[in-house]
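Note sheet for the following structure.
The values are calculated or read from the model by the stated rules, or taken from the named source; none is laboratory data. All values reported here derive from a predicted model rather than from experimental measurement. Reconstructed Cβ throughout: ideal geometry from the backbone, glycine too, with neighbour counts over all protein chains shown. To get the accessible areas, we keep the full protein, side chains included, count just its heavy atoms, and leave off ligands, DNA and RNA. Shrake-Rupley method; radii C 1.70, N 1.55, O 1.52, S 1.80 Å.
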Amino acid sequence: KLDVSSRMESVMKNISCKIIIVMLVVLVSSGCQLWGASEPESAIENLRSDIPRGNADNIPLETVLAAADNVNDFALALYNQVRSENGNILFSPYSIYAALAMTYAGARSQTEWEMAETLRFTLGQEQTHNSLNALDSRLVSPDPDSDADFLFRTANSIWGQTGMPFSRSFLDTLAENYGAGLRLLDFAAQPQPSRLIINDWVAEQTEDKILDLLPDSAVTRETRMVLTNAVYFKAAWANQFEDFMTTEKSFHLLNGTAVSVPAMNQDERMGYAAGSGWKAVELPYEGYTASMVVVVPDEFITFEQNVTRDRLSVILESLQSTQVNLSFPKFSFTKELALNDVLAAMGMPTAFSD
């Protein structure tokens, strides 16, 4: 049985930077818990294949692009599943996709088929993992320096029950495509200390932006495996927002009311496009290798009910450098999503059955 939750936090500050921290956790869980304290990372036994991480340069570009399309298709399917009942939504499709892909490596029979259909794993077992390795290598910053103006890094880790046998081919796939191994914990005897150890790892990987990800009841004596994927992104705007240009402005809500918010302002050349029922602007980050694209619909509900990958592609391809007078609200955001029922409703119930 899998228990899946996602937590994402986004912070946009007037000092012209944006930080996004994403955590996705998949765990086998049910039953009672035992209280205790954590132990140091050095005391944790590691089980890992000696196969080195695969050379992503050997993966054809068309395969990587197909994987990116699959992630985007899954992103929109998940968004459409959760948007109506959760209000404001924030999640990382890539993080969820990568963590569940590690699970998919060990899935067979009905579970494997359902996961492939739901998660858009259209390339089969081997190419799915190879393409995600290549996609990860293209996304991650070459310089891990946390003080860099642009930083994107990922971390994968699996926590398994000590004493359980794990398939050699499963371990090989994790090492070769995700750079991951198994950290062995005794969930059966010490669920609470195990939970604290994993939370400490999450905090370290996200620069202490995500704390206490797993709540008291998350890890129990019946837990046998926990999969964690962390994505950390930090970047400065290519065109900085000046402090003195931040002013109070009205922000209009979907219910027709308006609230006063601090809004950052700038007049710069940036990507801009307008179409039937929407406007879009692209804010590049330092180095111009990534950007935030903001779409403002004329009728929000109508637009979001008809968002497809093809429509998003049209928007992105329409962006052209234009002088734009931009007013952009400051915001901070934390969101937690319980995805068990959501993913089951999307087509993979077997993974969540007892």
Only unsatisfied item for D50, checking (1) outside any loop (DSSP other than H, G, I, E, B); (2) at pLDDT 90 or above, is (1)
I'm checking my understanding of the structure. Among residues of the stretch 285-324 that are hydroxyl-bearing (S, T, Y) and without any contact (Cβ under 8 Å) to a residue 40 or more places away in the chain, which one is farthest from A77 (Cα to Cα)? S291
Where in the stretch 65-179 are there helices (runs of 4 or more DSSP H), lying fully within it, with 1 or more residues that are farther than 21 Å from R53 by Cα and open to solvent by less than 50 Å² (accessible area, probe 1.4 Å)? 93-104, 109-119
Single condition A280 does not satisfy, out of (1) exposed (fewer than 13 other Cβ atoms within 10 Å of the Cβ); (2) among the hydrophobic types (A, V, I, L, M, F, W, C); (3) within 14 Å of T322 (Cβ to Cβ): (1)
Regarding R224, is this residue surrounded by fewer than 20 Cβ atoms within 10 Å (Cβ to Cβ), within 30 Å of L339 (Cα to Cα) and among the basic types (K, R)? yes
Which count do you get for residues in the stretch 226-257 that are among the charged types (D, E, K, R) and part of a loop (DSSP other than H, G, I, E, B)? 1
Going by what's in this entry, would G271 be described as at positive phi, surrounded by 13 or more Cβ atoms within 10 Å (Cβ to Cβ) and not basic (K, R)? no
Looking only at the stretch 302-354, which residues are assigned to a helix (DSSP H, G or I) and either touching a Pro at 6+ places or on another chain (Cβ under 6 Å) or exposed (fewer than 11 other Cβ atoms within 10 Å of the Cβ) (or both)? T302, F303, D310, E317
Those residues of the stretch 199-221 which are out of contact with any helix residue (DSSP H, G or I) (no Cβ under 9 Å at 6 or more places or on another chain), open to solvent by 30 Å² or more (accessible area, probe 1.4 Å), closer than 19 Å to F152 by Cβ and modelled with pLDDT under 85 amount to Q205, E207
Taking the stated definitions as given, is F241 under 17 Å from S332 (Cα atoms), of a type outside the set (V, I, T) and open to solvent by 70 Å² or more (accessible area, probe 1.4 Å)? no
